[in-house]
């Protein structure tokens with residue numbers, strides 16, 4: 001781990017696709033930061049999403065990575081949006097300790113109309129609906145789901161609302177996405193996606209310091225005015241809000257360097273990074289198990305030339321099952 005007494009050039013940078021936990025003791029803040037590159041390229045390129053859709057899904061991937069890597073058990077976190085906009089569905093899930101997958105669904109005609117009209121902000125693309133976080137702790141455990149409305153805010157703002165409601169913790173989230181263009185070793189043009197993010201939470205030892213306007217405002221609580229914003233949290237948010245998208249995605253500004261720039265005067269400490277990898281949990285056996293629940297009529301309706309083909313929406317892997325194999329299994 002490293003703190004403010006360590007010189008910046010002595011830090012060991014985690015690099016892409018690794019989440020960096022951190023703590024700022026002077027401000028009672030803990031959080032995580034990440035930059036994703038190869039993982040994001042793998043997810044986006046296999047689907048060839050339009051750029052505006054790719055940007056939305058990239059934000060969902062970063063947000064899921066930041067939250068999912070905080071799980072203290074071998075479970076799964078799923079982020080899902082459902083809205084009435086052209087991009088009606090985003091799904092990203094993280095299965096501990098490191099597996100990430102994601103996909104988006106959109107109406108091609110409505111999306112083209114939105115792009116032509118210049119209506120391409122995240123709020124306009126997602127529309128009204130819900131953002132749900134589902135935590136599955138495994139067999140024998142009841143899944144937990146937290147839901148907040150898609151109310152015209154950005155994903156980072158909605159995530160802050162989720163944490164204030166579900167964990168009663170002041171939380172600030174920043175997300176950024178960028179397309180980078182350069183040339184490979186042979187001088188040929190090359191395109192890459194990058195994204196980054198930071199999440200910070202206020203965790204003071206004294207519970208009464210959480211009784212502040214940040215937790216109570218906007219919910220109709222008339223007593224909110226008696227609480228004042230904690231100075232430490234105000235300072236933390238002010239510093240985090242100085243971060244721009246370029247810093248979040250710049251490969252020359254790794255997570256540790258960004259955290260050092262933000263919090264070195266307060267004493268930032270970083271911990272062992274946690275890897276995230278592009279790995280789907282689908283398998284031939286899992287999908288066969290689903291198909292085995294089909295009736296003979298459903299199997300017949302789903303087959304073509306004696307074969308049922310199923311393509312995973314996440315990783316685009318296609319599995320093919322001869323009808324005879326499914327009937328025999330039944």
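Laboratory data are not the source of any read-out in this text; all were calculated from the coordinates shown. Every value quoted in this text rests on a predicted model; they were computed, and no experiment measured them. Because the Cβ atoms are built from the backbone with ideal geometry, glycine has one as well, and the counts that use them run over all protein chains shown.
Would you kindly compute the Cα radius of gyration of region 77-191 and its largest Cα-Cα separation (Dmax), both in Å?
Gyration radius and largest Cα-Cα distance of region 77-191: 17.3, 55 Å.
Could you calculate the contour length gain from residue 108 to residue 275, that is, 0.36 nm times the residue separation minus the distance between their Cα atoms, to one decimal place in nm?
Here the segment from residue 108 to residue 275 would lengthen by 56.7 nm.
Kindly state, to the nearest 0.05, the FRET efficiency for residue 327 paired with residue 132, given R0 = 41 Å and r defined as their beta-carbon distance.
Computed FRET efficiency for residue 327 and residue 132 comes out at 0.65.
When the Cα centres of region 245-320 and region 192-206 are compared, how far apart do they sit, in Å?
A separation of 21 Å, based on Cα centres.
Take the alpha-carbon centre of region 148-178, take the same for region 25-61, and report the distance between them in whole Å.
Cα centroid of region 148-178 versus Cα centroid of region 25-61: 15 Å apart.
Do me a favour and compute the ellipsoid semi-axes for region 284-329 from its Cα gyration tensor, root of five times each eigenvalue, largest one first, whole Å.
The equivalent ellipsoid of region 284-329 has semi-axes of 17, 11, 9 Å.
Residue separation times 0.36 nm, minus the C-alpha to C-alpha distance between residue 244 and residue 317: what's the value?
Fully extending the segment from residue 244 to residue 317 adds 22.6 nm.
For the Cα atoms of the chain, what angle does the longest principal axis make with the long axis of helix 155-166, in degrees from 0 to 90, nearest 10?
Compared with the principal axis, the helix lies near 80 degrees.
Restricting to Cα pairs below 8 Å that are 6+ residues apart, what does the relative contact order work out to for the chain? Please round to a whole percent.
About 24 percent, as a whole number.
Full-extension gain between residue 205 and residue 192, please, as 0.36 nm times their residue separation minus the C-alpha to C-alpha distance.
Full extension from residue 205 to residue 192 adds 0.4 nm.
Between residue 264 and residue 295, what FRET efficiency follows from the Cβ-Cβ distance if R0 is 51 Å, with the result rounded to 0.05?
0.20
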